[in-house]
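K.L.:
Once you've had a glance at the structure underneath, I'll fire off some questions.
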Amino acid sequence: MIAARSSQADLSSASHKSIQTLTRFLQAIGHPTSLTHLANHILLNLSEISRYPQGTLFLFEREHRHYRQIHMFGPIKTFVAPSVMKVDHPLVLALLADQHIFDRLDATLTPHSELSENRASTLPGSYTLAVPLITHGTLIAFALLRSPTTHASLSSVTMELLTAMAQGAANALDSILIYEDLCQSQSLMRRTDRLRSLEIIAGGFAHEIRNPLTSIKTFIQLAPERKDDSQFIGEFSRIVLEDVNRIERLVQEILDYARYMEPQVTDEDLNDIVASCVYFVQVKADRRGIKIEKQLAPELPRGMLDRQQIKQVLLNLLLNALDAMGEGPGILRVRTHQFQEPEGALFMQIDIEDTGNGIEPENLEHIFDPFFTTKHSSTMNAGTGLGLTIAHQIIQEHHGNIHVTSMVGQGTTFRITLPALHQ
Ligand SMILES: Nc1ncnc2c1ncn2[C@@H]1O[C@H](COP(=O)(O)OP(=O)(O)OP(=O)(O)O)[C@@H](O)[C@H]1O
Ligand SMILES: [Mg+2]
């Protein structure tokens, strides 16, 4: 009687512990910070519960139709597994068919890498546990855990606990993979948008280097006959050097803009970024009879900005403004100023104002939506409708905001507000 009660008590204390472990595990994987962090956490917990000391996690790679080993856990010297496993590997097929955990995997299913021949992992007495991670009927990953020494088979409570953990782990993995896919598409989208504005920059650049190249050419042509005129040589050398430096700076600007880099926030002069963008769209504006009026506040405070990203925002807004004014005539006003809240917070503001066709009130609330465009493929300037979406994201990432006012037939003003540094 007493023995029965105590074994019941043991059981209920074991299930209580299991629930606690499971809850802790699910809470911890609720907010994974990275795939590696999550993989480590999954292996660590599966290993702790199963008492298999070593583990490795294989993740499905859609494009290659195989499972790749992405993380290892525990003392790995004796655990050599193949780095990839094809979808038709007997173990993968078995996990897919049965969709349950295999304890003490039999030798026909145990994967070996070429390296593992004659190693401890294949020695009799080593045991493998395979845990499938399945969402929506798809085997998105699986964990292999191994014990280099004999291992008792797992109890039904442990198997149930591992099954519940595997379900939670599969869901968390699925979300992090979706999130990573999303980040990748977002970065691709930004890249494509940047490459599109690069065409305008290249046009401005070609135009801009014409003058310095002419001056360099003149100098080279005149130098032989004026080589003894020291004043000429001195003066012209200085001009040519300035021209070469200017071309070098422009090339660097274009390269930095084209080479999509990791976000890099530095202490920047916003006026300088605005001036460089206006400069690149000037040629396009001139061609269309559009006047650009630039008013840059002389004492504008500096700000922590990603120069290339802010350029991307401004180029998107400037090009939209030019599109709205069509073949002109029109005026594009670009102003910067500072603004201080009564509580003391300091901001920089940029206004980009055009005298274009304006935005219909019913469109105004959609212009920042992805793929919203009125520039359809039949028109000359077909658009993707991503320019303002990206601009909005970038400004938000800078803790700023972007605001628009528009009157049909009169024009549109975009105002960007960004936090500034106190001098
Ligand atoms: N200055 C503006 N004047 C009038 N309409 C504008 C202005 N800026 C944006 N819009 C409207 O907002 C829509 C969305 O702009 P967004 O920059 O996101 O995409 P797009 O310019 O159409 O395409 P893309 O930027 O890919 O070339 C535009 O199609 C246009 O209808
Ligand atoms: Mg646009």
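The values are calculated or read from the model by the stated rules, or taken from the named source; none is laboratory data. Everything numeric in this text was worked out from a predicted model, so none of it was measured. Cβ sites come from the backbone with ideal geometry, for glycine too, and all protein chains shown count toward neighbours. Ligands, DNA and RNA are excluded from the accessible area calculation, which covers all protein heavy atoms including side chains. Shrake-Rupley method; radii C 1.70, N 1.55, O 1.52, S 1.80 Å.
K.L.:
Return a yes/no flag: does region 254-267 have any residue that is in a helix (DSSP H, G or I), without any contact (Cβ under 8 Å) to a residue 40 or more places away in the chain and either assigned by TED's automatic domain parsing to the domain that holds Leu314 or not aromatic (Phe, Trp, Tyr) (or both). Talk me through it step by step, then tell me what you get.
P.N.:
So the first thing to find is which residues in region 254-267 are in a helix (DSSP H, G or I), and the list is 254-258.
Cutting the leftovers down to without any contact (Cβ under 8 Å) to a residue 40 or more places away in the chain gives us 255.
The next check asks that each one be either assigned by TED's automatic domain parsing to the domain that holds Leu314 or not aromatic (Phe, Trp, Tyr) (or both); those that pass are 255.
Scanning region 254-267 turns up at least one residue that is in a helix (DSSP H, G or I), without any contact (Cβ under 8 Å) to a residue 40 or more places away in the chain and either assigned by TED's automatic domain parsing to the domain that holds Leu314 or not aromatic (Phe, Trp, Tyr) (or both).
K.L.:
While we're looking at this one, here's another question. Inside region 50-100, can you point out the residues that are under 19 Å from Thr150 (Cβ atoms) and surrounded by 20 or more Cβ atoms within 10 Å (Cβ to Cβ)? Step through it out loud before you land on a result.
P.N.:
At the first step, the residues of region 50-100 found to be under 19 Å from Thr150 (Cβ atoms) are 50-55, 74-75, 77-79.
Selection gives Ser50, Tyr52, Gln54, Gly55, Phe79.
Yes/no per residue for (1) without any contact (Cβ under 8 Å) to a residue 60 or more places away in the chain; (2) within 14 Å of ligand 2 (Cβ to nearest atom); (3) assigned by TED's automatic domain parsing to the domain that holds Gly289; (4) not charged (D, E, K, R):
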position	(1), (2), (3), (4)
Phe339	no, no, yes, yes
Gln349	no, no, yes, yes
Ile352	no, yes, yes, yes
Ile359	yes, yes, yes, yes
Ala382	yes, yes, yes, yes
Leu388	no, yes, yes, yes
Ala391	no, yes, yes, yes
Ile395	no, no, yes, yes
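K.L.:
Does region 395-414 hold any residues that are surrounded by 12 or more Cβ atoms within 10 Å (Cβ to Cβ) and closer than 17 Å to Pro301 by Cβ, and which are they?
P.N.:
The answer is His398, Gly400.
K.L.:
May I ask you to verify whether Ile352 is within 16 Å of ligand 1 (Cβ to nearest atom), assigned to a strand (DSSP E or B) and buried (at least 20 other Cβ atoms within 10 Å of the Cβ)?
P.N.:
When the stated conditions are applied, Ile352 passes them.
K.L.:
For Gln312, work out the one condition from (1) under 15 Å from His392 (Cβ atoms); (2) within 16 Å of ligand 2 (Cβ to nearest atom); (3) open to solvent by 10 Å² or more (accessible area, probe 1.4 Å); (4) of a type outside the set (Ser, Thr, Tyr) it doesn't fulfil.
P.N.:
(3)
K.L.:
Among the residues of region 216-231, count how many are surrounded by 15 or more Cβ atoms within 10 Å (Cβ to Cβ) and assigned to a helix (DSSP H, G or I).
P.N.:
The number of residues fulfilling the criteria is 2.
K.L.:
Could you tell me whether region 381-392 includes any residue that is open to solvent by 30 Å² or more (accessible area, probe 1.4 Å) and more than 10 Å from ligand 1 (Cβ to nearest atom)?
P.N.:
Checking region 381-392: not a single residue is open to solvent by 30 Å² or more (accessible area, probe 1.4 Å) and more than 10 Å from ligand 1 (Cβ to nearest atom).
K.L.:
Looking at Ile367, Ile395, which is the one that is within 10 Å of ligand 1 (Cβ to nearest atom) and hydrophobic (A, V, I, L, M, F, W, C)?
P.N.:
Ile367
K.L.:
OK, next. Considering region 318-337 alone, what residues qualify as being in a strand (DSSP E or B) and either touching a helix residue (DSSP H, G or I) at 6+ places or on another chain (Cβ under 7 Å) or outside the structural domain of Leu388 (by TED's automatic domain parsing) (or both)?
P.N.:
Across region 318-337, the qualifying residues are Leu332, Val334, Thr336.
K.L.:
How many of the residues in region 172-222 are farther than 30 Å from Asp286 by Cα and charged (D, E, K, R)? Please lay out each step first, then the result.
P.N.:
Start the filter on region 172-222 by keeping residues that are farther than 30 Å from Asp286 by Cα, which leaves 172-188, 220-222.
Those still in the list that are charged (D, E, K, R) too: 174, 180-181.
Residues flagged as farther than 30 Å from Asp286 by Cα and charged (D, E, K, R) within region 172-222 amount to 3.
K.L.:
OK, next. Determine whether Lys291 is open to solvent by 30 Å² or more (accessible area, probe 1.4 Å), within 16 Å of ligand 2 (Cβ to nearest atom) and over 21 Å from Ile402 (Cα atoms).
P.N.:
no
K.L.:
Taking the criterion of being farther than 20 Å from Ile42 by Cα, surrounded by 17 or more Cβ atoms within 10 Å (Cβ to Cβ) and without any contact (Cβ under 8 Å) to a residue 40 or more places away in the chain, would at least one residue in region 151-171 satisfy it?
P.N.:
Among the residues of region 151-171, not one is farther than 20 Å from Ile42 by Cα, surrounded by 17 or more Cβ atoms within 10 Å (Cβ to Cβ) and without any contact (Cβ under 8 Å) to a residue 40 or more places away in the chain, which makes the answer no.
K.L.:
Let me ask something additional. Residues of region 359-369 being open to solvent by 20 Å² or more (accessible area, probe 1.4 Å) and closer than 20 Å to Met407 by Cβ, which ones? Write out each step before concluding.
P.N.:
Keep residues of region 359-369 that are open to solvent by 20 Å² or more (accessible area, probe 1.4 Å), which gives 359-366, 368-369.
Across region 359-369, the qualifying residues are Ile359, Glu360, Pro361, Glu362, Asn363, Leu364, Glu365, His366, Phe368.
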